[in-house]
Amino acid sequence: MYDMKALYEAESVQDAVRLLEEHPEAQIIAGGSDVLVQMREGKRAGVELVSIYGLDELRGVKLEEDGTLRIGSLTSFSHITKDPLIQKYINVLGEAVDMVGGPQIRNIGTIGGNTCNGVTSADSASTLHAWDAVIELTGPQGVRLTPIKDFYIKAGKVDLRPAEIQTGILIRKESYEGYAGHYIKYAMRNAMDIATLGCSVNVKLSADKKVFEDVRIAYGVAGPVPMRAVHAEEAGRGLEVTDGNIEKIGDTVLEDVTPRDSWRASKAFREHISKVLCKRALREAVLRAGGAV
Amino acid sequence: MKEKNGVIGKSVKRVDAFEKVTGRAKYTDDLCDRNAYVAKVLHSTIAHGYVKSIDTAEAEKIPGVVRIVTCFDVPKNYFPTAGHPWSTEPAHQDVADRLLLTDHVRYYGDDVAAVVAENEVAAAQAVRALKVEYEELPFVLDVHKAMEDGAPQLHEKYPNNILAHTSIRNGDYENAIKEPGLKKVEGWYQTPTVQHCHIENPVCYAYMEQGRVVVVSSTQIPHICRRVVGQALGIPWGQVRIIKPYIGGGFGNKQDVLYEPLCAYLSTVVGGRTVKLEIPREETFSSTRVRHAIHFHIVSYVREDGTYAARKFESFSDQGAYASHGHSIAAKGMGCFPQLYPCPNIEADTYTVFTNKAASGAMRGYGIPQAMFAMESHTDDVARALGVSPYEFRMKNVMPKGFTDGFSKNVNYYDTFRECMEKGRKEFGYDKRLEKYAHQTGEIRRGVGMAVFWYNTGVWPISLETSACRMVLNQDGSIQVQVGETEIGQGADTAFAQMAADTVGIPFEMVHVVSTQDTDITPFGTGAYASRQTYMAGFSIRQTGELLKAKIIETACELTRQMKENLDVVDGNIVRTTDGDILMSLGELATEKLYSLTNNGHLTAESSYQIKNNAYSFGCTFVEVEVDIPGCRAQVTDILNVHDCGQLINPALAEAQVHGGMSMGIGYALSEKLLYDERTGRPLNNNLLDYKLSTFMDHPDLQASFIENYEPTSAYGTKALGEPPTCSPAPAIRNAILQATGVALNEIPMRPHLLFDEFKKAELI
């Protein structure tokens, strides 16, 4: 039994926007795997809800004419993992969201919810950062796009303006074509857990597979919001693909990550694991890109 | 006792399998009236202090709120909560230190008020709207600090917060350590606070009927619960009726009386209406019971030839805020020290100490998983110091056949430890793995380890052991069986049915075990704990079954005119043993007897049996781990438990029991720890996300193996298996990590945080 003041079920995206305008205090609910938990904890007790869960138009993955991959915000984790387009172009995202919680959570949880709640540990978020994802938002003024790095403002806060809902996540062709990636979730157990640290890497190798043409490294829980390791990426670009260079790139991430001490893990521990994960993810990404180390 | 064609020793299907698999089995919440009032508890948000006032004005205004009860309203009947049999000698009674609600708060999460409302939402809103004013006192979370002079005092009668201190002195330790040429091995070992994490949270509902209070509860101990509810409410025990339906696990947490007294009281203040009190998971962690965290110190003086000259043991057990099961846990752990590796010169001391944390109570293994972590880690340390194989060192020193414990009179009738170790060594391929992993380098390394465990069966002679049974014959020759020992998921009802079937001489399918215990109806029994169910219930089932069988034979004599010496009940028929002829079915006999106009009777039997025996139950764990050194993680890649729990009543259920215990042992070793905030005393991870209970993705396939040495003191040759499987995995895993990395971890859980620190110290990373 949940303590809610009212539940409004949207019938279309426009209807959702209208409902949010009418009920400015309302909380958007999709799968509910975060919102219902918070209500039960008393944090959002007595809240008004606008449910967008029925909006099937926001489900599914499509390849647009220009090669952009469009992931509807209500697509569940399990559907993303099993989607043939995801598997073909950015399989690492499917692998990443397959590490969320357990099967029931992956069936109900949506990628839109995972990004809109603004937590640094979200398994989709670091991988979406690594792919330079673009967030599509629909509101009273229509549709606007924002790069995912700008979407995250601070811990628990994203750039979702009044009466806006997230309607899609876009990955441009230039972001994924020629890249191969790997995600490592470091958690305290092998299921039903949130990441202590997450590292998602993708690389583009030269034609002969000997040089890193591009390196993208993204982290969850290395700071208050998911982030890119820009110094390490910069250090990696143009380097030869060698074990020593992977070590070098991995060591550089300390210039980027800013984990904190908490009872969950110490800063020193998280920094150590940041390096370990980066190196391991890079090695795997290189193999997947057809290179060798 | 094993019938030739009987069902004992066979893996028959659980009697409750279909009910549980189809979801038809009724648990407490399924049975509760949908119109019941809902209660919620307000817990303290300080670790130590006094409630000065509680402002209920805002809460009372919330629609649906029926009644608010604060710590100032409840009767001052101090009661004990431990699920121990009552003792009529005051000196042996449990400490009575609880009230239904308290103004003297002793831990963060203590119970200070309760709300009764028409629904859950109103109850939750009202709890949030209560305003409590506290007078805060300093608090203490660490056992050693709690023992210091000037430390915050939790209870008046216990100076330095010491609930109890007991000792063992055998031989002359001080003199023995002077022997020349001895090697000294010393270690400190720490085990964590963990929680049971049964699937079904504590839940009960109470109502009044004909002036009495009825409580339906998810408890392991209905008859004990009746006594404690009576004590807490200050009413005669016969005024209380406890009903225990199916329960979703307990592991010892429900071997304490938790919220049944409060729920019963709340019903009495709302005119006897049904009040349901379900404790959410967060509160189950923060405010029910936990396993005692224990800090151990062991010193061994050992000769070059690998024998012990003298040994010292100290332990400091974290009781938390209330006595609950108290010193029994630490004392049990110390008690096995002189037995496991007998040594003539022993000095042992154990302290149980109050701290401002959740009360520690019973949990699967009752002090032995803690003690085994310390003792069996230490055993490997000693073997390493001597440069001998840990396996051979154990073979040399572990309790021999024929060992008799002076206090319990337990006898090691077989060379159980060595038989289990030999079996495990062979089945696990221990030697090959030991050699293979002896000299490894690189980031990912494997290691193999082992540990043995000591256990026993039931609580005799420390406490009462008794069981009672009733059997009732139906017209069709089937029977109902009732015992006070409870089904808590372990399969006890099935084992009881197997015993009854063989003793009476009827097919398994014709035994109907009444799963629900109802203290108005069920014969007296103390419940599920101490791994006592099959062993203890066995005595009264055997005795009652034979009584019933004697009555059946007597009736058969009347009906068939044969002498009783020539009659037997076999497979549900009356058989003349001289020629094997079936004279009539038991159904025919029962129907004739029940409806006879000349010699009518209802065949039933009932008896109770006091057990003045206990039985050793030993075994061991073999384990292989993979350690990711830079990743600071250890993972179990293979694990085998070997047990000698006597004759197996149901091998499939026994195996399942071992799997569950091993799973609990893996979590204990690698991931589980309830954390408290040093600054406030608040539990930090009291939910199933942040508390890292291991999942089956964290386990390899779990293997169980058995030695079936028939237990001579037992009614059916069986003995303890409920708790033993969880006792030895943790030290075995620790010893495997030691083999893999050379790093001796003396603390559990061996989670990444610890591995990071220790690998750094060892310069592995």
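The values are calculated or read from the model by the stated rules, or taken from the named source; none is laboratory data. Here the structure is a predicted model, which is why all the values come from computation and not from measurement. Please note: Cβ atoms are built from the backbone with ideal geometry, for glycine as well, and neighbour counts cover all protein chains shown.
For (1) among the aliphatic types (A, V, I, L, M); (2) buried (at least 21 other Cβ atoms within 10 Å of the Cβ), each residue gets a yes or a no:
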{"position": "B:209", "(1), (2)": "no, no"}
{"position": "B:216", "(1), (2)": "yes, yes"}
{"position": "B:222", "(1), (2)": "no, yes"}
{"position": "B:231", "(1), (2)": "no, yes"}
{"position": "B:248", "(1), (2)": "no, no"}
{"position": "B:253", "(1), (2)": "no, yes"}
field: Meets criteria (in a loop (DSSP other than H, G, I, E, B) and away from every other protein chain (no Cβ under 14 Å)) for residue B:613
entry: yes
field: Answer residue from the stretch A:207-227, given it is farther than 11 Å from residue A:237 by Cα and more than 20 Å from the chain's Cα centre (by Cα) and is farthest from the other protein chains (Cβ to nearest Cβ) among those
entry: A:207
field: Selected residue (criterion: nearest to residue B:118 (Cα to Cα)) from residues of the stretch A:6-41 that are in contact (Cβ under 8 Å) with a residue 12 or more places away in the chain and within 11 Å of another protein chain (Cβ to nearest Cβ)
entry: A:40
- request: Identify, from the list B:83, B:64, the residue that is closer than 22 Å to residue B:203 by Cβ, at pLDDT 95 or above and either surrounded by fewer than 18 Cβ atoms within 10 Å (Cβ to Cβ) or not assigned by TED's automatic domain parsing to the domain that holds residue B:255 (or both).
  value: B:64
field: Candidate set: the stretch B:89-134, residues that are in contact with a Leu (Cβ under 6 Å, 6 or more places away or on another chain) and assigned to a loop (DSSP other than H, G, I, E, B); chosen: the one nearest to the other protein chains (Cβ to nearest Cβ)
entry: B:130
Per-region count, the stretch A:127-144, residues assigned to a strand (DSSP E or B) and exposed (fewer than 12 other Cβ atoms within 10 Å of the Cβ): 1
query: When the residues of the stretch A:42-60 are filtered to those that are in contact with a His (Cβ under 8 Å, 6 or more places away or on another chain) and within 21 Å of residue A:94 (Cβ to Cβ), which remaining residue is nearest to the other protein chains (Cβ to nearest Cβ)?
result: A:59
field: Subset of the stretch B:720-749 [surrounded by fewer than 24 Cβ atoms within 10 Å (Cβ to Cβ) and either assigned to a strand (DSSP E or B) or hydrophobic (A, V, I, L, M, F, W, C) (or both)]
entry: B:738, B:740, B:743, B:744, B:745, B:747
- request: Would you confirm whether any residue within the stretch A:241-261 is in contact (Cβ under 8 Å) with a residue 12 or more places away in the chain and part of a strand (DSSP E or B)?
  value: no
Looking only at the stretch B:513-544, and only at residues there that are closer than 22 Å to residue B:644 by Cβ and among the hydroxyl-bearing types (Ser, Thr, Tyr), the one that is surrounded by the fewest Cβ atoms within 10 Å (Cβ to Cβ): B:531
- prompt: Quick one: would you say residue B:175 is out of contact with any strand residue (DSSP E or B) (no Cβ under 7 Å at 6 or more places or on another chain), at pLDDT 95 or above, surrounded by 15 or more Cβ atoms within 10 Å (Cβ to Cβ) and in a helix (DSSP H, G or I)?
  reply: no
message: I need the full set of residues from the stretch A:113-126 which are under 23 Å from residue A:51 (Cβ atoms) and not in a helix (DSSP H, G or I), in order please.
response: A:117, A:118, A:119, A:122
statement: Taking the stretch B:65-94 and keeping only residues that are in contact (Cβ under 8 Å) with a residue 60 or more places away in the chain and over 29 Å from residue B:153 (Cβ atoms), one is left with B:65, B:66, B:67, B:68, B:85
- prompt: Looking only at the stretch B:493-512, which residues are buried (at least 20 other Cβ atoms within 10 Å of the Cβ) and either outside the structural domain of residue B:553 (by TED's automatic domain parsing) or outside any helix (DSSP H, G or I) (or both)?
  reply: B:505, B:506, B:511
field: Which listed residue is over 26 Å from the mean Cα position of the chain (by Cα), under 14 Å from residue B:732 (Cβ atoms) and β-branched (Val, Ile, Thr), from B:448, B:382
entry: B:448
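Let's see how each residue does on (1) part of a helix (DSSP H, G or I); (2) more than 10 Å from chain A (Cβ to nearest Cβ); (3) in contact (Cβ under 8 Å) with a residue 60 or more places away in the chain:
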site: B:658; (1), (2), (3): yes, yes, yes
site: B:662; (1), (2), (3): yes, yes, yes
site: B:665; (1), (2), (3): yes, yes, yes
site: B:668; (1), (2), (3): yes, yes, yes
site: B:674; (1), (2), (3): no, yes, yes
site: B:681; (1), (2), (3): no, yes, yes
site: B:686; (1), (2), (3): no, yes, yes
site: B:690; (1), (2), (3): no, no, no
site: B:693; (1), (2), (3): no, no, yes
